[in-house]
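Contents: one structure, followed by commentary.
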Amino acid sequence: MTDESDHMESNDPALAGEYVLRLLDEVEEARFEARLKGEPALRRMVHEWERELAVFAGDITEAQPSKALKSRIMSQIAPKPSGPKRSIFGLWVSGAAAVAMVGFLAFAPVLNAPGPKFHVDLVSGDLVVAAGFIPETDVMIVQLNQGAPRPGRVLELWLIADGSETPVSLGLVPSEIGEIRVTIPPELLAQVEGAIMAVSDEPPGGSPTGQPTGDILASAAVFEI
Amino acid sequence: MRTRAEIEEMIARIALKDRHAFSDLYDATNGKLFGVVLRVLNNRTDAEDVLQEVYLRIWHKADSYAVTGHSPITWLVTVARNLAIDRLRAKQRQGNPRDMTEMPDLADPGPGPEAQSIAASENARLNDCLDALEPDRKDAVRGAYLEGHSYADLAEKFRVPLNTMRTWLRRSLISLRDCLST
């Protein structure tokens with residue numbers, strides 16, 4: 001424990017700076033973000049670097065985007081004519097949290113069947129993917145709760161085991177709102193605890209290389225229910 | 001550019017989904033944020049796509065602004081820069097490595113009038129601390145911030161092995177942190 005805190009004291013300020021500069025690779029970045037959620041001191045370091053390094057932005061010359069861009073953006077935030085009425089408090093964040101909660105509740109044990117022991121919510125923009133793992137039966141549940149793959153693309157799920165640098169594919173996320181249940185090898189399930197999971201944008205059929213090839217759309221740490 | 005208080009007011013109203021405030025914020029800040037995004041991406045079409053994402057992010061996440069404790073322009077620039085670098089990294093992964101020969105020179109032109117207005121007193125100290133670094137190390141930190149250079153890009157630019165670049169940069173960050181906290 002002492003070793004760990006010494007290690008943190010010496011490395012975290014530089015690590016937070018590398019994170020803000022965007023110098024960490026994807027795996028390092030996902031690990032750092034997983035830590036950020038539970039470590040306010042680390043979040044403060046990130047905010048300090050963001051504030052201090054923004055001095056460089058003062059050197060940037062302004063540039064004019066095309067005039068049409070503003071109307072394109074304004075039309076995207078226009079109220080939807082036929083959408084359900086929403087309260088002013090129904091902000092995006094609480095909306096996503098509500099959907100994630102629905103996903104969570106949907107995993108509640110049916111009768112006496114064993115429920116998931118591990119769970120992860122992968123949320124970014126309007127994309128909400130959830131996964132649950134039932135060790136007793138080697139079952140993985142993957143849900144697409146909100147959003148969709150990009151046109152002509154698919155969403156692929158990845159597991160980065162604790163202490164590993166290499167993502168392992170867990171297969172594809174449903175392309176439409178819904179869930180799938182699949183059996184996964186016990187040796188893979190054994191790596192879920194303490195892992196980070198991510199969802200990436202891939203060509204039809206999934207990554208041809210066995211490693212993510214498209215954007216990492218969201219990542220998060222797996223938690224124990 | 002409007003005053004800090006005016007922009008803060010706009011962001012507070014955007015958090016309540018006020019579209020007029022959003023329109024005002026766009027008018028007040030699009031030149032600056034487009035400059036930030038264009039500097040990273042060096043391509044107008046990509047930069048306009050990303051600028052659209054930036055404003056939609058601002059619309060949806062205005063309520064998270066206060067949590068950071070940033071000045072409004074720092075928050076906006078941070079959002080814009082991060083989304084631009086997301087796009088840059090995605091392009092790099094899809095096999096469009098950036099051609100370092102076409103990149104603008106990293107040499108420090110010195111703070112312009114605008115730099116002084118953003119920097120004001122809170123960042124005067126950072127400038128002093130940056131000036132205490134060796135010039136090419138300062139340029140490497142600048143290049144990572146302004147152009148979104150990765151370690152691989154920087155290693156190529158400064159013609160040093162990647163691990164050397166990583167060591168340099170980490171040491172520069174530690175020196176900066178030490179300097180800033182004294």
For residue A:118, enumerate residues with amide H under 5 Å from its amide H, sequence gap 5+ or separate chain, H modeled in the peptide plane. A:133, A:225
Cβ density ranking, 10 Å radius, fewest first, applied to A:69, B:154, B:51 yields A:69, B:154, B:51
Across A:42-52, the residue-averaged tally of Cβ atoms belonging to other chains within 10 Å stands at 5
Counting other Cβ atoms within 10 Å, keep those with at most 10, restrict to DSSP loop, and tell me which GluC sites (Glu not before Pro) in the stretch A:123-184 are left. A:176
Could you list the residues of the stretch A:189-225 with an amide nitrogen less than 12 Å from a label point located 7 Å from the Cα of residue A:138 in the Cα-to-C-beta direction? A:189-190
With 28 Å as the limit, write out which pairs from A:70/B:157; A:37/B:61; B:91/B:157 have Cα-Cα distances beyond it, or answer none. A:70/B:157
Cβ-Cβ FRET estimate between residue B:66 and residue A:28, R0 fixed at 25 Å, reported to 0.05: 0.30
The stretch B:1-96: percent of C-alpha pairs farther apart than 23 Å? 23 percent
What is the gain in length, in nm to one decimal, between residue A:193 and residue A:162 on full extension, counting 0.36 nm per residue of separation less the C-alpha to C-alpha distance? 10.4 nm
Using a Förster distance of 25 angstrom, determine the FRET efficiency expected from the C-beta separation of residue A:175 and residue A:117, and round it to 0.05. 0.40
Run the Debye formula on the Cα coordinates of the stretch A:143-223, all scatterers equal and no solvent, and tell me log10 I(q)/I(0) at q = 0.20, 0.27 1/Å. -0.92, -1.45
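Any read-out appearing in this document is the output of simple, stated calculations on the displayed coordinates, not a laboratory observation. What you are looking at is a predicted structure, and each value in this text was computed from that prediction instead of being measured. Ideal geometry is used to build each Cβ from the backbone, glycine not excepted, and the neighbour counts take in all protein chains shown.
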